[in-house]
Amino acid sequence: MEQDRGSIRATARACLGGFSSLFDAINRATAENCKSMPPDKIEREFGRFKIWCGNLGALQSGNSSLDSRLRESTVLRINMLEHLATLDQTLIKSVEVVSGARLPLEKQPKPEEWSDGSSSEESDGDDEPPKELILHMVTIKEILDDLYKFSLRIRNISIRSSSNLRPMLFKEVDPETGIDKFTAYTEFDKRHVEDSLLQFRRDAAAKMKKNALEVAQITDADQYLISRLVTAINIRRKTLRYWQRHAQKLVELPKDAKEVIKPRPQPELRAAQVEVDVAPEKPERTRLSENEANRFDKRLDDGLETESVISYASTAVDSYLYGNDVDLPAPPTTALKEPEFLCPYCGIICPVRYGKHSTWRAHILHDLQPYICTYRQCNEENLLFSSSTAWLEHERLGHRRIWQCFEHADPEFSSRAAEHGNDITKTQILNLVEVSGSTIAETRTSCPFCFLEAPFNKKFEDHVASHMQAFAVYSLSRNISDPEENDTGSNESELARTQGFGSLDSITRGPLQFDSHPLSNATSDVDGQAFRSPSSSIWNAGSPVDDGFATTALTVRQDLKHHEEIIQWLSPANFHGQYHDIISRRQPGTAQWFLDSEDFNEWLQGSHKILFCPGIPGSGKTVIAAVAIEYLCQTTHSDNIGVAFLFCNWKTQVDQSVPDLLAAIAKQLVQSRPHIAAPVTGIYDRHLERGTKPSLDELMQVLLSICSSYSTVYVVVDALDECSSQDRVQRRLINKLCSLQASRDVRLLFTSRSIPRIVAELKPNHLTLEVRASEEDIKRYFIGQIPRLPDSIQHNEFLLSDMFTEIVKAADGMFLLARLHFDSFLDKRNKQQVLSTLDKLMKKPAELGEVHDEEIKRIDRQHEEDRLLARRTLCWISYAQRPLTTTELCNALAIIPDDQVVDVDNPYDLKTEDIISVCAGLVTVDDEGGIIHFTHYTARDYLERIRLNWNPTAQEAIAVAFLTYLSFHRFKSGSCPSDESFKQRRAENQFLDYSAHHWSEHVRPVQQSDLVSQLAITLLRCDKLVDSVIQAASVPVSKFDGHSKDFPSGTKGLHLTARYGLQHLTQRLLVSKLGDSNIEVDPRDSYDRTPMSYAAEGGHETVVKLLVDAGADVNAKGGWYGNALQAASLHGYEAVVKLLLEKGADVNTQGGKYGDALQAGSRNGHEVVVKLLLDAGADVNAQGGEHNNALQVASLWGHEAVVKLLLDAGAVGQV
């Protein structure tokens, strides 16, 4: 054993000897020592240690040993050796004390120099030193806890199913018959699959109200699917059995290791922890021994391990309406008692969190690899997928891919390759094939398993996945309980299993069912619904479907539709679309380091409730957030665990206030669980009629109520730093989310730049995990992008190696820099150009700004048409007030001054690919929502810095485009008279929504331009055009009957300029410099409001002054606010209030929602405004309005300073 010294094997063997010696010493120990180091606890830790050794092969030698597996993982090996050595020394010291070889440290005499200097006060203290044995006990447990953490990293379940070669070659041959046990069950698997498909189709037929006998048939067209399902079941059985046998092999102690353990009673590894089940050697009765389908030798049947080969089936699932998944066996009972447990299927040590329902489900499904390709023609027909993402990606790229040659309209690219003649090489054709490929959406409208036709209650892919999960669990054993649980009632359970054959029980739980006719009240999974079949008479041809069932189904559909309306009212935000787009563009395996990190897993387990992930710009924080969300969604399938997430964006700050963000979280938590949505329904009913939105306090109460329906809620917030700094959105959002943790198990993950004010708001005990682009992640990205390089470069391994090395160095943890540096090689056509670029990188790695400078130079080196297109595109995206869709951008780019129409079918004859191409990698498109945006906010910041100098006329050109578009002839008919016509107008003019909402913001900076001013005045003087604009800008998102009428008709141009604070245009309208006659200064719209009212509401002091000077009535009554003074007071615009008072506004004018200006100012606690009004003579006790008087409204909303002001002014009433 000399050569073995210093190895994990030798050190672990020494620890086994240490435990054995400690047991001997404990037998002779004093009561005091046994109390400090209880034998049962030592026995428990010894059992944990043996499980750990067996699971990792720590005591094995050769290639299966842990030493061999960690030979290239130096850091991990050293750490493990240090822990084992510490454990060995701790056991030795414990034996010394327990055996009486020496006194424990606390009883040893102190050196004289210690006692000489000690004060009497210290020597008389009551504190006793900790006992050495107790400390050793704690150390032993902590070391074993760490060793188990190491095991999770070594035997990572996330990569367990990556290779099926060995399991597929695994065989179990019966020694008497020579028949492979797995092959023996092929026929029964096939019958099970066929019967299950028939059952699914019968239930689907009932759901679609079709004749079951016509739908529920097995034909030749189904054979490919049946064959794959049968093969998949066989592969899963082999894989599970291989893992169990492998785990059993690792658990077996070598002979030399057994010698160090004295023969004494001690816990042994239980069979159920390493093997699913082993049947009796000679079972008297089995599933196959007494039934008509048994065509095999009885001796073979007697010898089969039936419970481990024939297994758990749950093809008929009692799932409820909103998507309960397939029934799975519960985790072992040890999962509820121990800090870790062995999975009885894959033999991997799992942390305690894997014993929870949702995580356990995810673990089993990952082991089962439940998904197969559902397309008939497939080159990988026997490939199993462990995640739905991988399965869907295979079907998308493998079966829904098309190629479009740039020179032909025919998408069949390969069939046209010969027409290119000799002007293109074979390599170039391959490159063209690569860049010309794209995929189409799923076109199938009926399920290949049950033939259910669209629409589905869940997505098509979710519906299909549920069937495959049901077939997958057929490979699992139903009996994974601990041995002591199986010792009792075994005869009864065996009898129950035997009687269950061929009955309803065999459909819902057993693996075999050969009845050709369906059983009454059998359950099945149709689109995730609780669909219990009616009596067997329904299967008779022509028998009608139960009217009660049809009525119930109709009610359910109506309830779901109403639920969807409510949550859309609560929040129109679609963060799921952003998440799916980010994940779809991520290279597989990216950010695995994050998921494996100790901090992330501590956060998952709940020891810390806040995980803060700071990172420099471009480090990949958003991808990290998306990966965390994906992991949570894949591992938390329980109804008791909620997951919600936010992607903050500087561009949508106006729609990302604290109430908006909290509403989006509430929406996600109730979206798939209508039965917990009562709090949302309550505020919906209260606010719908009034046309208002819930307050922040109401939303917090709703969130608290919703969170109480979950045991744990995970919330991921990406780019917290991009929330608006105005109104303290960042601080308030953190505080509100953290306040949920006071009474609920809410775990928060934030990504952000490291900004002191954000860090200061987080709780002191939060975890911090810095985000940096790892070399491995950059490597994955680099490999995935190689096909984009010129052909002469992508096949030169030496150049690629140098490029990768220098890009990693230059990136310095910033993923964005790595991408930009890679893009800088895209136009390098030969080796010399590449070497020159590499030389620049090696001499002086470029800063981010310099890289963006180079991108702009690349843009300006293009042909003139491409250069102009790129400039216009970047400026439109940069100046846009919200993210634009590709359709909106193409419409915008197509607008030409003086035109009266845009080609709506193909505006500007542009393709999205063209736009992205000419912009040199600065922009990208979200596949989910079709949003075009900068690839990173650093590119946005860069364009904002240079855009005025780079394209000085851009703002004027954009404003001209808006005014031209809104003045088109099609809008001169005015507002639409009906909901349907308005819907049609918006569909035909997809740039109208953005234009109507944001034209004023684009016009404001350049309104003094002659061209802009002339176009604007023309638009504003046309009442029909103004009516069209205000309708498009005002109609609410929620679609109720008559919604198209919910806007202030009769609006004039002066209303618009006053509303948006357009000073110059207001002046042009009031007194035309061109000599036109003046216009009416106090027109009223259908809401009975004047321009003065709108200007005061918006706080536009200069416009208010212009209107007053032009003769507007400062005391004009009407509208929601009653008058201009009340509107300005409500919103706290001190300067406007002061101006109106100076111009003669009556401070005590009654009317409007709040009665008078003093009540309005008191409502929102505007102390300065209230003082101005009181000084102007406001009646402090005036009665009227919604809240009766000012004191009452100030008290109601908790504005103490205003209450004091009012009381000091003589207010009378109860506070």
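Coordinate-derived values only; no laboratory data. Remember, it's a predicted structure, so these values are computed and weren't measured experimentally. Using ideal geometry, Cβ is built from the backbone for each residue, glycine included, and neighbour counts are taken over all protein chains shown.
Short-range pairs are left out: with C-alpha atoms under 8 Å and at least six residues apart, the relative contact order of segment 776-846 is 37 percent. Loop-located GluC sites (Glu not before Pro) across segment 1107-1215 with a Cβ neighbour count of 13 or fewer within 10 Å are GLU1186, with loop assigned by DSSP. Dipole of segment 1008-1132 computed with +1 at Lys/Arg Cβ and -1 at Asp/Glu Cβ about the Cα centre; of VAL1029, TYR1060, MET1092, farthest Cα towards the positive end is VAL1029. Taking 7 Å steps out from each Cα toward its Cβ at GLU564 and GLU913 produces label points 3.3 nm apart. As a quick test, which of the pairs LYS209/LYS693; LYS983/LYS1052; LYS171/LYS779; LYS356/LYS561; LYS149/LYS779 have an alpha carbon distance above 31 angstrom in this structure? Too far apart for the 31 Å limit: LYS209/LYS693; LYS171/LYS779; LYS356/LYS561. Report note on the peptides 389-397, 369-377: ranked by the mean count of other C-beta atoms within 10 Å, highest first, their order is 369-377, 389-397.
Assuming a ≥ b ≥ c are the square roots of the Cα gyration tensor eigenvalues, decide whether segment 776-846 counts as rounded (a/c under 1.5), prolate (otherwise, with a/b larger than b/c) or oblate. Oblate shape, in that a/c is at least 1.5 and b/c is the bigger or equal ratio.
Placing unit charges on C-beta atoms (Lys and Arg positive, Asp and Glu negative, everything else neutral), compute the dipole magnitude of segment 555-772 about its Cα centre in debye, rounded to 20.
Taking the Cα centre of segment 555-772 as origin, the dipole is about 280 debye.
Over segment 555-772, Cα pairs under 8 Å with separation of 6+ residues give a relative contact order of 34 percent. Summarising the label geometry, the points placed 7 Å from Cα in the beta-carbon direction at GLN701 and ILE218 lie 5.9 nm from one another. Computed extension length for ASN735-LEU76: 233.3 nm, one decimal, from 0.36 nm per residue of separation with the Cα-Cα distance subtracted. The charge dipole of segment 1057-1171, taken about its Cα centre with unit charges on the Cβ atoms of Lys, Arg (+1), Asp and Glu (-1) only, comes to about 160 debye.
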